[in-house]
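Worksheet: one structure, shown below.
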Ligand SMILES: NC(=O)c1ccc[n+]([C@@H]2O[C@H](COP(=O)([O-])OP(=O)(O)OC[C@H]3O[C@@H](n4cnc5c(N)ncnc54)[C@H](O)[C@@H]3O)[C@@H](O)[C@H]2O)c1
Ligand SMILES: O=C(O)[C@@H]1CCCCN1
């Protein structure tokens, strides 16, 4: 009989997860996912239940990595919150199982993991698709993902300027105070993205907030919000002019309003570029449409668990 699962919660996760270890694991996982070899990764498109009364959704994200012996699922609730609501916009929990016995080994808080793995994958997209001489980063949105993206992007690249836009100046200024480096507050999206080499969209909006006519040709856009088939962050012009990459082609075709409603073609998955089977069009305007994948959570949870065991010698 297996023992009870360990519970690894927010502050413990914080001390155990670092971009320097996470990024290479995610790069490897994205490559494995795109090979579609069922002994490497089995990861269906997220199952989503509608929580109509609460204007939200429950996403179930199981993943099995047979060769690595990793079995994991994430439960993530996300909501269409009114501005000013004190309730959280997303809540995530990860469950790591033993694939042979079937018991739960660990239950983990998914907030920081979701923030860090999403930002790390966006930063990987920039590593692959952004022009090497990039100087200006613009972040649209000032919530949890904005913060993790600021941390991951400034950790991995040396931008001369980081700009941020939020619908209220107050939120943008609060964001500036929460980060460790200099940030320019912009009063409009247009001002924030003018001449930017990299743009991260991390909003909860459901209508386009970033328009192609404002985007510098050759810029790289990591589009992280709008994870429902009828939600948008980017307009049709941008979606059609850019070369579009996704984490999962099936995920993008099922869940991304920006892809589905614009009719844009997904040129490749990030894993295809990592595997060398598709080109990284750095010279063109590129969009990475991120929906979030279970395999990203699985490798992150395994990393946290491995670190936790290392720091808990009695096990
Ligand atoms: N792709 C992924 O893997 C992934 C993972 C987690 C979250 N997300 C998505 O990323 C987005 C941001 O998540 P978060 O956790 O940072 O949320 P958050 O609530 O912490 O922050 C959301 C930000 O969007 C702003 N905002 C809200 N409505 C807006 C609107 N109509 N127009 C412009 N800005 C608006 C808020 O002011 C805030 O700055 C959400 O859409 C979430 O579902 C994606
Ligand atoms: O992959 C995730 O964790 C997120 C949660 C919120 C909605 C979109 N996808």
Which percent of Cα pairs goes in each bin when the distances of the chain are cut into 20 angstrom slices starting at zero? 34, 59, 7, 0
Cα pair distances in segment 147-190, grouped into 5 Å bins until the bin that holds the longest one, percent each: 5, 23, 33, 24, 13, 2
Testing the spin-label approximation: label points 7 Å from Cα along Cα→Cβ at residue 58 and residue 133. State their distance in nm. 5.3
How high is the FRET efficiency between residue 35 and residue 168 when r is their beta carbon distance and R₀ equals 45 Å, given to the nearest 0.05? 0.50
State, as an integer percentage, the relative contact order of segment 123-265 based on alpha-carbon contacts under 8 Å between residues 6 or more apart. 21
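If a/c stays under 1.5 just call it rounded; otherwise compare a/b with b/c (prolate if a/b is bigger, oblate if not). Do that for segment 160-218, with a ≥ b ≥ c from the square roots of the Cα gyration tensor eigenvalues.
Oblate, because a/c is 1.5 or more while a/b does not exceed b/c.
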Rank the residues 8, 42, 113 as a footprinting-exposure proxy: fewest other Cβ atoms within 10 Å of their Cβ go first. 42, 8, 113
What share of the DSSP beta bridges in the chain is antiparallel, in percent to the nearest 5? 50
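Ranked by Cβ crowding within 10 angstrom, fewest neighbours first, how are 101, 19, 150 ordered?
Least to most surrounded, the residues fall as 101, 19, 150.
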Gyration tensor verdict on segment 21-170 (Cα atoms; rounded if a/c is under 1.5, prolate if a/b is larger than b/c, oblate otherwise): oblate
Please give the FRET efficiency for residue 207 paired with residue 75, using the beta carbon to beta carbon distance and R0 = 25 Å, rounded to the nearest 0.05. 0.35
Bin width 10 Å, origin at 0, all Cα-Cα pairs of segment 118-292: what percent of pairs per bin? 11, 44, 37, 8, 0
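Subtract the Cα-Cα distance of residue 178 and residue 87 from 0.36 nm times their separation in residues, and report this length gain in nm to one decimal.
30.7 nm is the gain from fully extending residue 178 to residue 87.
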Estimated FRET transfer efficiency (residue 156, residue 28; beta-carbon r; R0 22 Å; 0.05): 0.85
Quick check: the distance between the Cα centres of segment 191-226 and segment 145-174, to the nearest angstrom? 13
Points 7 angstrom from Cα along the Cβ direction at residue 20 and residue 283: gap in nanometres? 3.6
Explain nothing, just the number: relative contact order of the chain, from Cα pairs under 8 Å at least 6 residues apart, as a whole percent. 19
Helix 111-129: inclination vs the chain longest Cα principal axis, degrees, rounded to 10, gives 50
222 nm mean residue ellipticity, helices alone, for the chain (DSSP H n ≥ 4; -39,500 (n - 2.57); rounded to 500): -10500 deg cm²/dmol
Based only on other Cβ atoms within 10 Å, what is the fewest-to-most ordering of 83, 68? 83, 68
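All of the numbers you see were taken from the coordinates with simple rules; none came from a lab. Source: prediction; values computed, not measured. Don't worry about glycine lacking a Cβ; one is built from the backbone with ideal geometry, like all the others, and counts go over all protein chains shown.
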